[in-house]
1. Assess whether A:Val45 counts as being in the same structural domain as A:Leu138 (by TED's automatic domain parsing) and within 15 Å of DNA strand B (Cβ to nearest atom).
2. Please go through the range A:220-251 and pick out each residue that is within 14 Å of DNA strand C (Cβ to nearest atom) and either assigned to a helix (DSSP H, G or I) or of a type in the set (Asp, Glu) (or both).
3. Tell me whether the range A:12-31 contains one or more residues that are within 27 Å of A:Val108 (Cβ to Cβ), more than 14 Å from DNA strand C (Cβ to nearest atom) and not basic (Lys, Arg).
4. Hey, can you tell me all the residues within the range A:85-98 that are in contact (Cβ under 8 Å) with a residue 60 or more places away in the chain and either touching a helix residue (DSSP H, G or I) at 6+ places or on another chain (Cβ under 7 Å) or away from DNA strand C (no atom under 16 Å from the Cβ) (or both)?
5. Among A:Gln294, A:Gln273, A:Gln217, A:Gln303, which is the only one that is open to solvent by 30 Å² or more (accessible area, probe 1.4 Å), away from DNA strand C (no atom under 16 Å from the Cβ), within 32 Å of the chain's Cα centre (by Cα) and not hydroxyl-bearing (Ser, Thr, Tyr)?
6. For the range A:203-214, enumerate the residues that are over 22 Å from the mean Cα position of the chain (by Cα) and surrounded by 14 or more Cβ atoms within 10 Å (Cβ to Cβ).
7. From the residues in the range A:344-362 that are among the charged types (D, E, K, R) and modelled with pLDDT under 95, which one is most open to solvent (accessible area, probe 1.4 Å)?
8. Restricting attention to the range A:32-70, report how many residues are under 18 Å from A:Lys134 (Cβ atoms), within 11 Å of DNA strand C (Cβ to nearest atom) and of a type outside the set (S, T, N, Q).
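The values are calculated or read from the model by the stated rules, or taken from the named source; none is laboratory data. Computed from a prediction, not measured in an experiment: that's the story for all the values here. As a convention, Cβ positions derive from the backbone with ideal geometry for all residues, glycine included, and neighbour counts pool all protein chains shown. Quick note on the areas: whole protein, heavy atoms, side chains included, nothing else; ligands and nucleic acids left out. Shrake-Rupley method; radii C 1.70, N 1.55, O 1.52, S 1.80 Å.
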Amino acid sequence: MNNQDRTKQILNDFDIQAFQQDLIRWFKDEQRILPWRENQDPYRVWVSEIMLQQTKVDTVIPYFNHFMEKFPDPESLATADEQEVLKAWEGLGYYSRARNLQTAVREVVEEYGGVVPHDPKELGDLKGVGPYTKGAILSIAYDTPEPAVDGNVMRVLSRILHVEDDIAKPKTRKVFEELVRGVISTEDPSSFNQGMMELGALVCTPKTPSCMLCPVQEHCRAFNEGIETTLPVKSSKKKQKKIPYKIVIIENNRGEVLIEQRPNEGLLASLWQYPMIPMKDLGQESAKIWFEDQYGLEVEWGQKLENIKHVFSHLIWEMEVVKAHIINGELDHERARFVSKEELNDYPFPVSHQKAHKHTSL
DNA sequence: AACTCGGGGGC
DNA sequence: GCCCCAGAGTT
């Protein structure tokens, strides 16, 4: 059965009108006051939606406010230096979001006169604007009845409509998009979509939902069947791989510290870090050889400063922070340089390496 | 479809 | 520890 026919079957005997009304009424009464809800400025909505990807509201708020002061409109972001944008994103994670956002904003300025496209195709073709973000911008900024299916929406709808599809599977999002098309309010799609997400964040939470406070409790099949905590169905993901590194703190005779810029693609792209030796298959002596080969500096290991474990979504860095002293040689590395401790603050560092700042800046 | 890509907070 | 979060891009 295709998704459209399935939607009809699932929504058979579901009171769409009453559900919409109860959800929207609750959202209008109980919604949180958030900076990106001050108005419907599509640029603000856009920036907020990118920041909110896989990131909690409380984390985003200060970043959003600062970002809007620094880059208040598409033009200011389009003309900004990429390192400046990354610095504003520092600590937020998923840094390709920042790069893609700037790429897309530049396209909006050049191709669309600085106006965020209303057209779903044009909007969805922008870098970093996927199915969710497209629907969120169209509904929230432009009052268009398009689905915006995120983790909240899948959790909420899986319970209300008793859908047992595994939400970890890519194709399941399409199932819920079709369901949203079936239940979304055409009068107020913005409040409907935001209401679904707000409900997921405040009431219909993953572990212990507050069903007694739920504005759409009477519409919820899972609650009525007493199975709300068994939904949604989600297959678990595998655990992270551990990778050992040696983090090297080196000062020259001017009191400057050695840092380097990471590659422009891949993990933590274009961010800065202290030199980092991959210790898998390397011992203490061969690490020195590796370091001299890479940087042109002959060093001896100094004091062991700290062990840092940093957990990513898909891997774990086990970092031994050590001091090193230059014995001989001249720095010879495309992306590395000595900088003063004051200048360190101008470079975007991933949190993993910010943890090592205390060994240089204090 | 599976993998990559950050970091924080809840329990 | 494990799970989740207003997901998207790449392979």
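1. no
2. If the condition is that a residue be within 14 Å of DNA strand C (Cβ to nearest atom) and either assigned to a helix (DSSP H, G or I) or of a type in the set (Asp, Glu) (or both), then A:Glu228, A:Thr229, A:Thr230 are the ones that fit.
3. No, that holds for no residue.
4. Within the range A:85-98, A:Leu86, A:Lys87, A:Trp89, A:Glu90, A:Gly91, A:Tyr95 meet the criteria.
5. On the way: A:Gln294 fails: within 32 Å of the chain's Cα centre (by Cα); A:Gln273 fails: open to solvent by 30 Å² or more (accessible area, probe 1.4 Å); A:Gln303 fails: within 32 Å of the chain's Cα centre (by Cα).
Result: A:Gln217 is the single residue among A:Gln294, A:Gln273, A:Gln217, A:Gln303 that is open to solvent by 30 Å² or more (accessible area, probe 1.4 Å), away from DNA strand C (no atom under 16 Å from the Cβ), within 32 Å of the chain's Cα centre (by Cα) and not hydroxyl-bearing (Ser, Thr, Tyr).
6. Within the range A:203-214, A:Val203, A:Pro209, A:Cys211, A:Cys214 qualify.
7. Going through the qualifying residues, I end up with A:Lys358.
8. Result for the range A:32-70: 7.
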